[in-house]
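Undergrad: Provided herewith is a single structure, encoded as structure tokens, for subsequent inquiry.
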Amino acid sequence: MDNEDASTKAHRKHHTGRKAEKRKQKLEKQDASTKQRNPKAFAIQSANKLNRAFRRAQDVKSKKHHIPVIDRTPVVAPPVVVALVGPPKVGKTTLMQCILKHYTRQKISNIQGPVTLVTGKMRRLTLIECNNNLTSMIDIAKVADLILLMIDASFGFEMETFEFLNICQVHGFPKVMGILTHLDTFKQAKVIKKTKKALKHRFWTELYQGAKLFYLSGMVYGEYQRTEIRNLCRFISVMKFRPLTWRASHSYILADRMEDITDPEKLRTDPNCDRNISIYGYVRGTHLRYDTSVHLPGCGDYSLHDISLINDPCPLPDRSEKKVRRTLDVEERVMYAPMSGVGGIVYDKDAVYIDVDGNAEKLRQERDAQESAPETMMMSSLVDTSKTMDSKMEESHVTLFSGERPISNSQAEGFVMKGMPNEERVVMNGRVRRKAVFENFLHGDSGIDDDDDEDTDSDNNQDEKWAFAGSEDSDEDEALEAKKMKLSSPRNSKKNLSQNYGNLKELEEEETDSDDEDPEVDSDDDDDDEMEDMSSEEELGGSEDAEEDERDEAEQGESNSKVMDSSSLNWKLNLKAKAEKTFFEQQKSSTNLHRLIYGRHEDGVEVEEGTEEEEPDLAGGLFKINKKEDASRFVNNSRDCSIVSRECIHDWLNDHEARETIADCFMTGDWNKGEDAKTLLDQDDEIYGDFEDLETGESFSSKKEEEPEIATSRHESKKEREARLLEKRMERKRKMKEAFDQNYDLEKSGGKDELTLFDDVKRDMEEQARLNREEFENMDDTTRVQYEGFRPGLYVRMELRDLPCEFVQNFDATFPLTVGSLLSNEENMGYLRTRIKRHRWYKRILKTKDPIIVSIGWRRYQSIPMYFMEDHNMRQRMLKYTPQHMHCWSLFYGPITPQGTGFLCVQSIRSDTPDFRIAATGTVLESDCSTQLVKKLKLIGYPYKIYKNTCFVKGMFNSPLEVAKFEGGALRTVSGIRGQVKKAITSSNQEGNHGPPGSFRAMFEDKVLISDIVFCKTWYPVTVPKMYITVTNLLLKDKQSWDAMKTVGRLRFEQGLKAPVNEDSLYKPVDRPKGRQVASLVVPRSLQKELPFKSKPKLERAKNPSKREKLVKKAVIREPKDKEMAALMHALHTMDRDKKRRKKEDRKKKMAEHKKLLEKQELKEQWRHKEAKKKLYKALSKSEKKPKS
């Protein structure tokens, strides 16, 4: 048996020793990478190559970084704006209906305006459909967080898609997700695949590589498939959004409701008066303040008349007391769409509106009376009320106790207003004074009642207050109060403390129950008790000693109550206070020799030995009776000689110099943070906090946390205590994590990447965001709004005054209504210097001084731009037209806008505009800048008298004054001779050089010919026109028909006119004035000898003329016979050429047929060769498969 056990025993590997170490090294080598196994192969071969690789890696890493931005997103963020954009008939409404059905299980028959719904525990969505209008697309691009760009796959990309993408590029570019629809029109899977691939690559070209593109394959019963909608909604729910620059600095509201609050009487008298409206919506962007000016795109600038905070109509689900679930309950799937008529209740600032259809309600009552009876009764009772709430309250009665008569509203007010004085207005010395007159106030009294009067009044008042109460209740209260006072009296010793504690706790519970049932009675009872205490104290006439004894007893009672409240498990709490108390009790109980000899010394009054131990007499067991003793006996021995006088003690508290000199000798001195023991201990307490003794299982907490726990443990419930402890643990964990990250960041990253400046900035941003959240976290909304304004996520009501009546009359809910706040400097007007480029798809060229519509910031307005270029010397040279494929600069007049803001330009917002509508895009470079725009001006003059290098010129100027402005100006002739303007010719210095007005004398570097033309190039300043017209398309019934200033070309096109022709602008043949013919250059022979050979004039031989030239020069006249022969030869040559051409064509045809025949033969030969190869390979394979014999 032993041998069998030994043979079946499993082998045990050695875990120590040489073999085990070798095995571990082998396993480590197997698990290691190639670089670790063979480090020499990956050694540095070239320092330059390593340097380039390192630089490349750092460049790639830096490109991935985004500029860190402080996260100002509030805890309750506003709903995410999801816009459905696309051309008509692409499926926007169907997709919106499917998303609404997925989240809320219901549909909207007619969608108008935004629809807000709850999609998760911490996320809400605002869905809005963008119609096919240029202004709507611009407004949606400015406020949307996510764009669902819908594309008809059966048709392809349309111009509206590319226009919207260009609009998004200018205004910040939110998140864009493409959706392909109408894929069910394709019948073949191969065509669908090719179409998807082509559209995807084109979509990536416009956005970025890897942009998300969804595919909606088809429709089932008029809806998209549920799986595809579910996947789309999942992508939307997890998507994160980066804050855009413009929205992070400007607050805005996407209005989901608009109401006309104009006075009805004013509307009746003047229907076309200016209107007052209220706009409702969520605050987005940054904080919105009271004194902010706002802009309504499509309407204009307005100042806020009033803004107020109202209840959120679509709140997030409250999961504080519920079990944490991943899905929403049915009642939590809230949808809010007032413009679409969803929901019958609308909340306002001071009212609630209930929408009831009368005819439909009656029909519903007749059809389904039993099912809808409770709902219809409630609604009809609200509608059919004939009395107001005040009258109903007057007629109502309340019974406080069973068996008692009911009390009316007037009787209850009589009890409440019992002690309220009446007002009496008295005029004294020209001043109106309001006198308070009481019913029981007598004019002869002094206004101060005696003690007896107070007692009687309080008793009478108490009798009157409790006249309606039952006698049994009052007896029970008195018994309860007496029993409680008996338990809390100082006569109870520590023996009976545990027995009385249970009874006292039961009494407190009974009292709390009675307080919950009738809080008003309890408050009145407390007041009566206070009146009784005051009257008894005044009757007994207590002294200072008695008051001190009462304070000691009260403190002792409080300490006893604390001991009773604390359980045996918390015996370590507040050990310091307990030790101090024990010490002072021992000091009091110890024998005081001074007191035994001289008696007690207190404020000049001595107390004998036996008086301290005697128990004071109690009146009814409640109050002490102070015995007045003759203090004259103790006056002589009042002074204690052993006590040092306080006048001799040095005042160390006020002697700051002496304290500073010896401060570092004590623990309270100015120590460094790293050396101060108290600071180090506090830091340890903050970081490590509570700890647990693993041997005994006891837990200990820091001193700082003991006192608030004891103070708050009595008044908080179990859930509140658990929540507080959870918050404390999370805070401690966060501090420990920060300490760990600060000390071990390099170890965590493996020592490869050190902390960079980007990481430091990012960490500072996160810390600043945390501080911003914690600053106003525990403050209520009403107070918080006063400090920081209306933060993003709040639902507000905004009131605007004096809007045009057309805005309300022509209001269309399908057009988005946005309200954008303006900064203080954005209300000023000035010149904007921008960099602009004509869009490559816009077919027309842009001309200077042609009006153009600019969309910049929240605004859309029309202005007149001036295009220019900057030369190397910073001269701003005006351009007549924009360059073809490059940027230029532009100047136009408008509101001041921050630098770096993007804008776009369109010629017209009409829907009938053909082709691509985005004319240009650009960026603001400078605001409120000065204009120094100049254009080129060339002046022309003609010389009329020449004296060597001096010349007199006419025709360039019209007066000597103009010449005086251009003195010293540069001149140039056609032949390239440079000159300068000297002086104008006047009547005083003519001297025989008469000329027309404006003639002047000029000096040139060489002699000028009389046939030369003199030019003067100058720069003329150009003023930029101040023209600013706000686009007010929302005031029109047809929102797409807005027109302001038209271009000259459009006016000519509409009126059928042609551009006028200027004769001076036409190109003509240049007619030079006939003057002296310039002879050829003749070099003298004496000069030819000194010139080098290369510059000497050569004697060139005349070229021999060809035969053809000789024949051309000679005129040949043929005879009639020669003419016939020449015509015959020409005909023969023509026939020969035609015959050769036909032969050539026939040869080409034959060659083509022969080539085709050869190709067919080659194909046959290839096929025959292929078949032969197949037969050969088959034979070889069969021979290989045969078994070898």
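The values are calculated or read from the model by the stated rules, or taken from the named source; none is laboratory data. Note that the structure is predicted; figures quoted are calculated from it, not measured. For neighbour counting, all protein chains shown are included, and Cβ atoms are generated from backbone atoms with ideal geometry for every residue, glycine included. When the accessible area is computed, the model is the full protein with side chains, heavy atoms only, and any ligands, DNA or RNA have been set aside. Shrake-Rupley method; radii C 1.70, N 1.55, O 1.52, S 1.80 Å.
Undergrad: State the percentage of accessible surface on the range 130-192 attributable to carbon and sulfur atoms; use a 1.4 Å probe and exclude ligands, DNA and RNA.
TA: 54 percent
Undergrad: A further question on this structure: Determine the relative contact order of the range 855-911: mean sequence separation of Cα pairs under 8 Å and six or more apart, normalised by residue count, in whole percent.
TA: Dividing the mean separation by the residue count of the range 855-911 yields 41 percent.
Undergrad: A further question follows. Return one whole number: the accessible area per residue of the range 1016-1088 in Å², for a 1.4 Å probe.
TA: Value for the range 1016-1088: 86 Å² per residue.
Undergrad: For the range 175-290, divide the Cα radius of gyration by the Kirkwood radius and give the resulting Rg/Rh value with two decimals.
TA: 1.20
Undergrad: Can I ask one more? Mean separation of Cα pairs under 8 Å and 6+ residues apart, divided by the residue count of the range 885-1002: what relative contact order is that in percent?
TA: Relative contact order comes out at 20 percent.
Undergrad: Quick one: which of 967-976, 84-93 comes out on top by average Cβ neighbours within 10 Å, and what's the full order, highest first?
TA: 84-93, 967-976
Undergrad: I want to verify the translational diffusion coefficient of the range 213-278 in µm²/s; compute it with Stokes-Einstein, Rh as the Kirkwood radius over Cα pairs, at 4 °C and 1.567 mPa s.
TA: For these conditions, the coefficient is 74 µm²/s.
Undergrad: Would you please put 303-311, 870-878 in order of how densely packed they are, using the mean number of other Cβ atoms within 10 angstrom per residue and starting with the highest?
TA: Ranked from most to least packed, the peptides come out as 303-311, 870-878.
Undergrad: Right, next: What nm value, rounded to one decimal, do you get for the distance between D741 and H1169 when each label is placed 7 Å out toward the C-beta?
TA: Rounded to a tenth, the inter-label distance reads 7.2 nm.
Undergrad: Could you give P(r) for the range 82-124, binned at 10 Å from zero, as whole percent values over all Cα-Cα pairs?
TA: That works out to 24, 57, 17, 1, in percent per bin.
Undergrad: Now for a different question. Would you mind classifying the range 70-171 by shape? Square roots of the alpha carbon gyration tensor eigenvalues, ordered a ≥ b ≥ c; an a/c under 1.5 is rounded, otherwise it is prolate if a/b is larger than b/c and oblate if not.
TA: Cα axes put the range 70-171 in the oblate bin.
Undergrad: Taking 60 Å as R0, compute the FRET efficiency from the Cβ-Cβ separation of K762 and K982 and round it to 0.05.
TA: 0.30
Undergrad: Work out the FRET efficiency for T1047 and Y787 from their Cβ-Cβ distance, taking R0 = 56 Å, and round it to the nearest 0.05.
TA: Once rounded, the FRET efficiency stands at 0.65.
Undergrad: Using the alpha carbon gyration tensor of the range 260-333, what are the three equivalent-ellipsoid semi-axes (square root of 5 times each eigenvalue), largest first, in whole Å?
TA: 38, 18, 11
Undergrad: For the range 863-992, what is the accessible area per residue in Å² when the probe is 1.4 Å?
TA: 52 Å²
Undergrad: State, to one decimal in nm², a quarter of the convex hull surface area for the C-alpha atoms of the range 914-1065, i.e. the direction-averaged projected area.
TA: So the mean shadow area of the Cα hull is 16.1 nm².
Undergrad: What distance in nm separates the two pseudo spin-label positions at K107 and K1026, each 7 Å out from Cα along the beta-carbon direction?
TA: Modelled inter-label distance: 5.8 nm.
Undergrad: Suppose R0 equals 30 Å. What FRET efficiency, 1/(1 + (r/R0)^6) with r the Cβ-Cβ distance, do N949 and S1065 give to the nearest 0.05?
TA: My answer for the efficiency is 0.25.
Undergrad: A follow-up question, please. Relative to the present Cα-Cα distance, how much length would full extension add between E722 and K1123 at 0.36 nm per residue of separation?
TA: In short, 131.5 nm is gained.
Undergrad: Could you give the alpha-carbon Rg of the range 98-248 over 2.2 N^0.38 Å, rounded to two decimals?
TA: Dividing the Cα radius of gyration by 2.2 N^0.38 Å gives 1.08.
Undergrad: Now, a different point. Between rounded, prolate and oblate, where does the range 758-842 land on the alpha carbon gyration tensor, with a ≥ b ≥ c its root eigenvalues, rounded for a/c under 1.5, else prolate if a/b exceeds b/c?
TA: Oblate shape, in that a/c is at least 1.5 and b/c is the bigger or equal ratio.
Undergrad: What are the semi-axes of the equivalent ellipsoid for the range 1013-1097, taken as the square roots of 5 times the Cα gyration tensor eigenvalues, largest first, in whole Å?
TA: One finds semi-axes of 65, 20, 13 Å for the range 1013-1097.
Undergrad: Work out, in µm²/s and without decimals, the Stokes-Einstein translational diffusion coefficient of the range 134-209 at 4 °C, 1.567 mPa s, Rh from Kirkwood over C-alpha pairs.
TA: For the chosen part, D equals 97 µm²/s.
Undergrad: Provide the gained length on full extension for the span A20 to L575, in nm with one decimal, where the gain is 0.36 nm per separating residue minus the Cα-Cα distance.
TA: Net length gain for the segment: 194.1 nm.
Undergrad: Please compute the modelled spin-label separation between H887 and E1145, points set 7 Å along Cα→Cβ, answer in nm with one decimal.
TA: Spacing of the two 7 Å Cα→Cβ label points: 6.1 nm.
Undergrad: Over the range 122-216, what is the relative contact order in whole percent, taking alpha-carbon pairs under 8 Å and six or more residues apart?
TA: 29 percent
Undergrad: I would also like to ask the following. Packing-wise, with mean Cβ within 10 Å as the measure, how do 149-156, 1177-1184, 821-828 rank, highest first?
TA: Ranking, from highest mean packing down: 149-156, 821-828, 1177-1184.
Undergrad: In the P(r) worked out for the range 852-950, what percent of Cα pairs fall beyond 21 Å?
TA: For the range 852-950, the fraction of Cα-Cα distances above 21 Å is 48 percent.
Undergrad: Consider just the alpha-carbon atoms of the range 792-884 and return their Rg together with their Dmax, both in angstrom.
TA: For the range 792-884, the Cα-based Rg and Dmax read 19.2, 56 Å.
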